[in-house]
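Any read-out appearing in this document is the output of simple, stated calculations on the displayed coordinates, not a laboratory observation. Note that the coordinates shown come from a computational prediction; the quantities given were computed from them, not determined experimentally. Neighbour counts are summed over all protein chains in view; Cβ atoms, including those assigned to glycine, are modelled from backbone coordinates with ideal geometry.
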Amino acid sequence: QNLSGKTAFITGGASGIGLGIAKALLSRGMNLVIADIRDDHLEDAQKELNSPDKVLALKLDVTDRAAFKAAADAAEERFGKIHILVNNAGVAVVGPVEQASYDDWDWTMGVNLDGTINGVVTMLPRILAHGEGGHIVNTASMSGFLPHPGTVIYTTSKAAVIGMAEAMRAELEGRGVIVSAFCPGPVQSNIAEAGKTRPDSMSDTGYAESDKRRQQGGDFFHLYKTKEEIGERVAQGIENDELYILTHSEFTEGVEARTQAMRAAVPDNLPQNEELKQVFAPLFF
Ligand code: NAI
């Protein structure tokens, strides 16, 4: 779709990947709402985007449903209609699963999954109502497909938003709203600081200092892609109506191995019921 003159609402849009997406969409002539829990990120992002006429910066905690509605109202008041929702705000905790506390689970699932649910419940009816078409991007992660040790909570949240995107895509097919599961590999961002936004009410963590350090990304940061590269990739994915927006070919073998493992798990030589097959035929593969 032609993006110029339309409006995108990006949660976690004031830093890292969300800001990269904002830059790419701004360069395509879009109006932007960047909604973020951190005031300092909002201030810095407005400077970096340097387009006050096209950018509305809103403070928003995506886990606050009333605030999400208020943000949507403010966005519509400023720009009329929202066409693109990027459910991008996310946090991460890393460490052995048996040490995870309920607060570790609740905080991560609350932002990464419930925040995305809140975005969809708030925005999808509005997007469908204006009838000009739209696009919802759920920021997941390659971790949602290819988990590795220490990332059980994060992977659980990201696999959930991939499934949500796939199911919404099938359901909204033909109604003018495209849905994408965006699964980046490693990107230079501020996610290692995510703990700064963790509410005091959920501060009981089961993880030790060494796990928190592991979360900093080790010495590999320079190998990660930039937010600008990733933002461009997402903008192209939106323009091309892609279901999966992937960013890193380094994971190709992993993707193939996962797909092959699933195929190999289907017992061969079982009788097939053609009618049943048609009933459950996937809509988009
Ligand atoms: P980031 O920390 O630079 O940006 C995330 C933004 O979300 C921050 O500005 C933060 O203030 C905001 N945020 C956090 N909690 C929020 C809340 N409750 N409500 C509203 N805003 C909130 O991190 P990054 O890496 O750009 O993360 C963006 C998304 O990309 C996340 O969903 C993350 O899980 C995902 N991702 C990141 C990867 C990476 O390597 N950086 C790889 C794969 C996925």
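Here the residues 41, 130, ranked from fewest to most Cβ neighbours within 10 Å of their Cβ, fall in the order 130, 41. From least to most packed, judged by other beta carbons within 10 angstrom and beginning with the fewest, 248, 83 follow the order 248, 83. Charges were assigned to the Cβ only: +1 to each Lys and Arg, -1 to each Asp and Glu. The resulting dipole of the range 138-285 about its Cα centre is roughly 340 debye. Projecting the Cα atoms of 19, 197, 115 onto the charge dipole of the chain, computed from C-beta unit charges around the Cα centre, puts 19 farthest toward the positive end.
Give the residue from 264, 147, 67 lying farthest towards the positive end of the charge dipole for the chain; charges sit on Cβ (+1 for Lys and Arg, -1 for Asp and Glu) and the dipole is referred to the Cα centre. Projecting each Cα onto the dipole axis, the largest value belongs to 67. For the residue pairs 81/158; 23/81; 47/158; 158/277; 59/158; 23/225, the C-alpha atoms sit more than 22 angstrom apart in 81/158; 47/158; 158/277; 59/158. Based on DSSP H segments of at least four residues, each scored -39500 (n - 2.57), the chain has a per-residue ellipticity at 222 nm of -13000 deg cm²/dmol. Model label points for residue 280 and residue 257, set 7 angstrom from Cα along the Cα-to-Cβ axis, are 2.8 nm apart. By other beta-carbon atoms within 10 Å, ranking 207, 102 with the fewest at the front produces 102, 207.
Take the Cα of residue 239, step 7 Å toward its Cβ, do the same at residue 129, and the gap between the two points is 3.2 nm. Since only 130, 235, 156 are under comparison, the one whose Cα sits farthest along the positive direction of the charge dipole of the chain, derived from C-beta charges on Lys, Arg, Asp and Glu, is 130. Applying 1/(1 + (r/R0)^6) with r as the Cβ-Cβ distance of residue 46 and residue 193 and R0 = 25 angstrom yields a FRET efficiency of 0.85. Would you mind classifying the chain by shape? Square roots of the alpha carbon gyration tensor eigenvalues, ordered a ≥ b ≥ c; an a/c under 1.5 is rounded, otherwise it is prolate if a/b is larger than b/c and oblate if not. Oblate. Placing a pseudo-label 7 Å from each Cα along the Cα-to-Cβ vector at residue 65 and residue 228 gives an inter-label distance of 4.2 nm. Its Cα gyration tensor gives the range 1-73 an equivalent ellipsoid, and the semi-axes of that ellipsoid, as √(5λ) in whole Å with the largest first, are 19, 14, 10.
Its Cα centre serving as origin, the chain has a Cβ charge dipole (Lys and Arg +1, Asp and Glu -1) of approximately 480 debye.
Find the Rg to Rh ratio for the range 92-207, where Rh is the Kirkwood radius over alpha-carbon pairs and Rg uses the same atoms. That ratio is 1.02, to two decimals. Here the gap between residue 265 and residue 249, fully extended at 0.36 nm per residue and compared with their Cα-Cα distance, gives a gain of 3.2 nm.
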